[in-house]
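Working notes, beginning with the structure itself.
Read the figures in this text as sums done on the coordinates, not as results from a lab. The structure presented is a predicted model; accordingly, all values stated were derived computationally and were not measured. No Cβ is skipped: glycine too gets one built from the backbone with ideal geometry, and neighbour counts run over all protein chains shown.
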Amino acid sequence: MNSAKKPIKGYTNIRVRYAETDTMGILHHAVYPVYFEEGRTELMRDYNFSYDEMEKKGVILPVYSVEVKYLKPAYYDNLLRLETELEELKGVRIRFAYKLFTEKNELMATGAVSLIFTNADSFKPMRPPLWFKEIFGLE
């Protein structure tokens with residue numbers, strides 16, 4: 001787990017767009033990682049920080065792994081709630097966990113994404129900078 005005293009969580013509302021559905025009108029499985037990215041981005045904004053700022057400081061976060069478990073379908077125009085949690089910060093890796101809920105508050109999917117802190121110039125893995133840890137209260 002992260003070393004913060006309280007969970008580092010954020011919530012994002014997402015409306016399923018028509019282009020994100022398949023011919024059956026169901027949210028396409030490939031869209032879930034896109035929603036997860038939106039959740040990570042919004043979580044950072046909740047802490048008054050952005051991916052753009054991080055990249056300008058010379059740090060990028062390429063994806064190492066993506067996991068998704070599909071429990072219930074979502075359909076065009078459904079309003080979903082995505083819970084994003086910074087689950088772990090270990091070595092050069094950061095892991096976010098996700099829970100996606102339907103309008104009726106039913107759990108429809110869970111997932112996780114691991115990313116690697118990387119120097120933007122050398123593309124070599126690096127430990128998270130102190131300023132990143134401080135933003136989330138991880139020091």
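Remark: the chain carries a charge dipole of roughly 400 debye about the Cα centre, counting +1 on each Lys and Arg Cβ and -1 on each Asp and Glu Cβ. As a proxy for reagent exposure, ranking S114, S50 by other Cβ atoms within 10 Å from fewest up yields S50, S114.
So how do 77-83, 116-122 stack up, highest first, on mean other-Cβ count within 10 Å?
77-83, 116-122
Note on the chain: GNM, Cα springs under 10 Å; of M24, M126, M54, the largest mean-square fluctuation is that of M24.
When the Cα positions of A19, A30, V66 are compared along the charge dipole of region 9-134, V66 comes out farthest toward the positive end, with charges on each C-beta of Lys, Arg, Asp and Glu.
Comparing mean-square fluctuations of K56, K90, K99 from a GNM of the chain with C-alpha springs under 10 Å, the top value falls on K56. Determine the dipole magnitude for region 9-78: charges of +1 sit on the beta-carbon of Lys and Arg, -1 on that of Asp and Glu, nothing else is charged, the reference point is the Cα centre, and the result goes in debye to the nearest 20. With Lys and Arg at +1 and Asp and Glu at -1, about 160 debye. Between 0 and 90 degrees, the angle of helix 32-46 with respect to the longest Cα principal axis of the chain falls at about 50 degrees.
Charge tally around D121: other residues with Cβ under 13 Å, Lys/Arg +1 each, Asp/Glu -1 each, net +2. Look at [x] 17.5, 57; [y] 15.8, 48; [z] 14.7, 43: the one that is Rg and Dmax of the Cα atoms in Å derived from this structure is [y].
Taking a ≥ b ≥ c as the square roots of the Cα gyration tensor eigenvalues, with a/c under 1.5 meaning rounded and otherwise prolate when a/b beats b/c, else oblate, which class fits region 40-101? It comes out prolate by the Cα gyration axes. Once you reduce region 3-41 and region 57-128 to the center of their Cα atoms, the two points are 9 Å from each other.
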